[in-house]
Every structure is written in structure tokens, then in C-alpha cells.
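Every read-out reported here was derived from the displayed coordinates using simple, explicitly stated rules and does not represent laboratory data. On a predicted model such as this, the values are computed, not experimentally measured, just so you know. Here the Cβ is made from the backbone with ideal geometry for all residues, glycine too, and neighbour counts use every protein chain on show.
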Amino acid sequence: METWAIVIIFINIFVVFYFIGINGSYLLLVLLSFFGLRQERTTRRATDRDLAFRSEFNKPLTVIIPAHNEEKTIIATVRSALSLRYPEFEVIVVNDGSSDQTLSALKKYYNLKPAARDYVSDLECSPIMAIYGSANYPNLVVVDKERGGKSDALNAGINVSQYPLFCNIDSDSLIDSGSLLKVVDLFAKDWRTVAAGGTIRAANSCVVKDGQVVEVRLSSNFWVRFQIVEYMRAFLFGRAGWSTIGGLLILSGAFSIFRRKAVIEAGGYRKDTVGEDMELVLRIQRVMQRKNREYRVVFLPDPVCWTQVPEDYHSLKTQRRRWQRGLSESLFGNFELFLNPRYGSVGMISFPFFLFYEFLGPVIEIGGYLIFILSLILGLLNPPFVLLFLTAAIVLGILLSTSALLMEEIYYRNYPRLRDVLTLFCFAVMENLFYRQLHAWWRFRGMIDFFFKKRSWGSQARRSFTDS
């Protein structure tokens, strides 16, 4: 047999074993998540009963909202933050050099006036031009600064904040009113907790009133429905599973809470990455380990933050390319974790998984499709074997997506109408027939962006929450 034929056959064998490895890992995460969610459900009612009493002893908290050209959503987002059920908190909106009417809308709606506020610049950020307070909401602060990017805006918010915990949320997101209590309870129960996060769900087409989602509606948008299934899978068996074994690498930038002191010790948010949320979580763990401190990074599936997801092909493609670039920057910027037993399950399990399956996954998946096609053309593979393999890949993909949908129905039932559930089931099936392959291509393009050091953030079309 020719050498080139041997090489192609070897690559096919590698792809098969890679397929077995990644899907076996995902099935294990499903099992871990199932038992973890079941345990969480059994304790949730007792926890909710005691939460109101225990919350009075929680530490005060700052909600930081970075905003750049968010005039369509910023008012509803701030209303949502101000309506949160929490004993003592402040809301800091950081206007990061917006060129639209973001600041004007805030000034008009919240009756903002210049305010004197002392702060220490613990973290480097672009110059702050003005700080405003609200005559109607004493716990609302608006910071107007020069454009520096999201990470820079978050660092500015941390500098101005005055409380030991802070929560950063995106300016197109809405937090359920009781979510802060649930997440902060993790800090109160365990002093080792340095970071915690909750679930992100799609707010597109949902009914919003006074900054809160009052009715969950399934969007009719084709791309949004795929993302709803994708988010269920990512949070309900992805992050829930990793959190169960103490191997969590990512907390969503749309909704996460940190100890302010731990973030300052780690140097704050890096400005040279688009994956600032994941990178910070990894760097905090490195710093905690170097200082021989006990720490925990935790995910709680019940607290929910609603966010607007992309509704068009271009915005979705841009977002996923950016996410893959951020993943790449975070992994290589914290490579010290790789197979390092000092970091426990993070270094020995989750970091290698993300490197081999999430970072390299697009290359191997797309390359596998091309090699399979080439092998068929050259007669190096048995067509029935190829058909069996592709069928197994699709069936397993459907099983993983429908497992997430099943866990959603068992534990949370955010979509109570049977028609909506059946619709999502259909999209869970269709996702594996073309969306997954398209997503792999976007991620592959994101890897190319990383290697060529592309720095642009990209853009996403916004809709007002009141349009629903």
C-alpha cells in the first residue's frame, strides 16, 4: 500500500478515536450534571425558605454594567439591576466612550447629576471623565470614561466600586430578581468561593416588564431557536458537570460574581483578549494556587440571567468566531495549568479537555469530514462503515442535545407549552444535520483569527427589550 494511503487510513483511525473520546466525555458530563441537578433540586426548596433570613447577613455587593453604544437596551438593563432583591447593593454603569445616546438616555431617565466620589485606581483603565449620581436612585452610579473596551470598562467599575463582592452583567442582559441572593449565598456558605455564576438564557421575544422577564416566549427566529438548545446544553450539562468535579474554567461574562480582592490581586481584566471572562477565571486560579490559598469556582444552574442572542447569520458568525478566539487566548495565556497536578481537576482534566476538544475540535472535525470524503473517493473506506459512523455521530449529537432539553423540562420548565418543547426538540435534531458543521467552521475561522492576532471585536445588532 502506498505511503499516502497509509497516512490517510491512520488519520481516519485517529478521527474515530477522537470521536469516541469527545462523545464519551460529553456523556459522562451528562451523567454528572443529572445527579448534580437532582441534588440541587432536593436542596433548593429548603434553601429558598431560609434565603431571605440568611441574606440579611450577606456582604454588600456592586453590580457593574459596562456599556458601549447600548441606547436600545441600557434603560431596561439598569431597571432590572435596580429591582434586584438584595439587602445592600449599588449599581455602577460604565459608559465606555459611547458614540450614540447611551449616556443621554441614562441622564434623562434617571435624572443624573455630577457626583463627588472618592476611589482608588487599583486597576489600570482609561481616564474617567465624570461620575454621576441619581437623585431618584441613591444606589445608582454612572461612570463616563474614554473608550477602552469592555475589560477596561470593567476595571474602571471595580475601581469605583466600594463593596467586597461585585457582579458584572452585560448591558443587554436582565437578571431575575432573586438571582443575586442565590449566587451570593455560595460565598456566604463557603469562604473559599472566589467566583460563581449562573445560567444564561435567551430573552429574545420574551415579555419584559419593569426590567424583569414576566413571560417566557419561544422566539420564531430560526437562529435564536438553535441557540436556545445550544445554551441549554452548554449550561445544564456542560458547566453543571464541570462544577460538580471542581473543574470549572468558564463563567459567563453576562452574569458572574467575584470577590473584589481576589480580582485585584490577579490584576483585573486583561485588555488584550476578547475572552476576558474565561481568562480571568483561569488567572485567579493560578494566583490562588501560587499563594497557597484554598479557593472554589462554582456554577449554580438555578439563578438565571436573560440576554439577547444574535438573530442574524452575520452577528452569530461574528460572535462565535470571537468566542473561539477568546478561548484560544485564554488557554495559551494560562498554559501553566496544563497537566499540572497542583491545580487538581482543573489542570489534569478540564484544561486538557478544553485544549484537545474545544480548541482543536474544529480542525479535527472539519479535517475529518474532508478526509472521509477523500477516502471514499479513493476507495480506502467501506461505504457502509462511513454511513454507520456518520449515523452514530448524528444520533449521539441528538442524544446530547435532547438530554439537555430533558433536564430543562424535569428541573426548570421555562417553556411550559408542549408546542414549544416539541419545537425545541425538532431544532435539537436539526442542529446536528447542518448547524453543528456550520458552527465548527465558524470556530475554525476563529482559530485563524487567533493565529493571525486579529483584534477586532465585531458588531451585533441590538433590539430594544420593549420591542417584544
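Summarising the amide proton neighbourhood of LEU380: residues at separation of 5 or more, or on other chains, whose placed amide H is nearer than 5 Å comprise an empty set. Applied to the range 199-215, the Karplus parametrisation 6.51 cos²θ - 1.76 cosθ + 1.60 on θ = phi - 60° returns per-residue 3J(HN,Hα) values of 8, 10, 10, 7, 8, 4, 6, 6, 8, 10, 9, 6, x, 10, 6, 9, 8 Hz, with x for Gly and Pro.
For TYR109 and VAL16, the FRET efficiency from 1/(1 + (r/R0)^6), where r spans their Cβ atoms and R0 equals 51 Å, is about 0.30. Charge tally around LYS317: other residues with Cβ under 12 Å, Lys/Arg +1 each, Asp/Glu -1 each, net +3. Computed from backbone phi, the HN-Hα couplings of the range 272-281 come to 9, 9, 8, x, 4, 5, 5, 4, 5, 4 Hz, rounded to whole numbers (Karplus: 6.51 cos²θ - 1.76 cosθ + 1.60, θ = phi - 60°; Gly and Pro given as x).
Report, in deg cm²/dmol and to the nearest 500, the calculated mean residue ellipticity at 222 nm for the chain, where each DSSP H run with n ≥ 4 adds -39500 (n - 2.57) and the sum is divided by the residue count.
Using -39500 (n - 2.57) per qualifying helix, the result is -16000 deg cm²/dmol.
Under 5 Å between amide hydrogens, built in the peptide plane, is the criterion, and for ILE64 it picks out ILE92, CYS167, ASN168, ILE169 among residues at least 5 positions away or on other chains. For VAL298, the residues whose modelled amide H falls within less than 5 Å of its own, excluding neighbours fewer than 5 places apart on the same chain, are ALA195, ALA196, GLY197.
Summing charges over all other residues whose Cβ lies under 11 Å from the Cβ of VAL298, with Lys and Arg as +1 and Asp and Glu as -1, gives +2.
Taking Lys and Arg as +1 and Asp and Glu as -1, the other residues whose beta-carbon sits under 15 Å from that of PRO352 total -1.
Summarising the overall dimensions of the range 266-307 from its C-alpha atoms, the Rg and Dmax are 12.8, 37 angstrom.
Scattering from the range 193-319 was approximated by placing one identical point on each alpha carbon and applying the Debye formula without solvent; log10 I(q)/I(0) at 0.18, 0.19 1/Å stands at -1.03, -1.10. May I ask for the distance between the Cα centers of the range 207-233 and the range 165-189, given as a whole number of Å? Here the two parts' Cα centres lie 20 Å apart.
When both bridge partners sit in the chain, DSSP labels roughly 45% of those beta bridges antiparallel.
The mean sequence separation of alpha-carbon pairs under 8 Å and at least six residues apart, normalised by the residue count of the range 22-352, gives a relative contact order of 20 percent. For TYR369 and GLU124, the FRET efficiency from 1/(1 + (r/R0)^6), where r spans their Cβ atoms and R0 equals 41 Å, is about 0.35. Across the cross-link table entries LYS59/LYS189; LYS72/LYS108; LYS72/LYS209; LYS59/LYS209; LYS271/LYS453; LYS59/LYS261, which are compared at the Cα atoms, the separations over 18 Å belong to LYS59/LYS209.
The 3J(HN,Hα) values that the Karplus relation (6.51, -1.76, 1.60; θ = phi - 60°) gives for the range 426-431 are, in residue order, 4, 6, 5, 6, 5, 3 Hz. Gly and Pro appear as x.
Distance between the pseudo-spin-label points of ILE264 and PHE35 (7 Å out from Cα toward the beta carbon): 4.1 nm.
Normalised by the number of residues in the range 128-252, the average gap of Cα pairs under 8 Å and 6 or more apart makes the relative contact order 15 percent.
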